[in-house]
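Quick notes on the structure that follows.
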Amino acid sequence: MNQQERVAKILAMLEEQPKISQEELMSLFAISKDTARRDIVKLVESGLAERYPGGISRPVLKAQIETYSRRLIKDATEKQRIAQGALQLIPLGGTIYLDVSTTVQFLAANLPAKNVTVVTNSMDNALAVSPKTGNQVYLLGGFFKADSRLLAGESVLQQLSQFNFDWAFIGGAGLTEQGVFYSELADCQLKQTVIHNAQKVCLLIDSSKINQQSAYKIGFSGIDLIITDRPLGASLMKVLAAEEIAVIIVKEGDDHDRY
């Protein structure tokens, strides 16, 4: 069992019990003390758990850990591959925006130290990036939404307009020939502001979101690249080609298809 699989199981355990000791992790997964410690560090740095002497506990600020952890666990392997595919895009010393998205959070957690300035309104992204020396994090200020651990509101939009992003990495709740879908109108407004202030925009979206729709959407204007884990349908690919949007299909290992 690899670390990602263990982390998923640990998050599931934290839904049922408030604390887990390091000894429990060692016994449950038959791992060494050092391996258990690395798993604990991963969870704490990603903002998914709080550390206490001898183990970890549910995050103090994350009352909705059940909902969020299930989203993070769902299709975790595919999201990890998508995030790995995006790492090569990040320029040394660049400025990037990381969206509130479980897939984008995997990118934040794996971001190497490249003297990058990371801008985000996601507490989880900020916590995942912060421990990595050589990168700076700008957490946008606004109204705190505890259920999704993000900051929102007009002040966030105003702050976004002051940046010039080399790359913006955004997520989505759905993708069809009509555009990219979101669960709230405010999500669309934020994405449009980000796109307007970015040189390049990459949509990270796993295959479970393909052909899914919701009440709110944005068009494809301003999006340069889509990274996903399975081939898209012919009709959607035709629309993306007309919009001059590149598509990368990530596979197991380092094998990718680019269109």
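Odds and ends about this structure:
- Nearest-0.05 FRET efficiency for residue 5 and residue 185, computed from C-beta distance (R0 45 Å): 0.80
- Modelled spin labels at residue 38 and residue 12, positioned 7 Å past Cα toward Cβ, are 2.2 nm from each other.
- Set 42/191; 191/251; 79/191; 42/79 screened for pairs whose C-alpha atoms are more than 25 Å apart: 42/191; 191/251
- Each part gets one Cα centre, and for the range 188-259 versus the range 1-60 those centres are 33 Å apart.
- Near the amide H of residue 117, within less than 5 Å, lie the amide hydrogens of 94, 95, 96, 136, all on another chain or at least 5 residues away, with H placed in the peptide plane.
- Contour minus Cα-Cα distance for residue 164 and residue 114 (0.36 nm per residue): 16.2 nm
- Residues whose amide H comes within less than 5 Å of that of residue 31, counting only those at least five positions distant or on another chain, are absent (H built at 1.01 Å from N in the peptide plane).
- Values (1) 41; (2) 37; (3) 46 are given for comparison; percent of Cα pairs over 27 Å apart, derived from the coordinates here, is the one labelled (2).
- Candidates 18, 231, 53, ranked by Gaussian network fluctuation over the chain, Cα under 10 Å, top entry: 53
- Stretched out straight at 0.36 nm per residue, the stretch from residue 136 to residue 237 would grow longer than its current Cα-Cα span by 32.7 nm.
Values in this text are rule-based calculations from the coordinates and carry no lab data. Remember, predicted model here, so these are calculated numbers, not experimental data. Ideal geometry is used to build each Cβ from the backbone, glycine not excepted, and the neighbour counts take in all protein chains shown.
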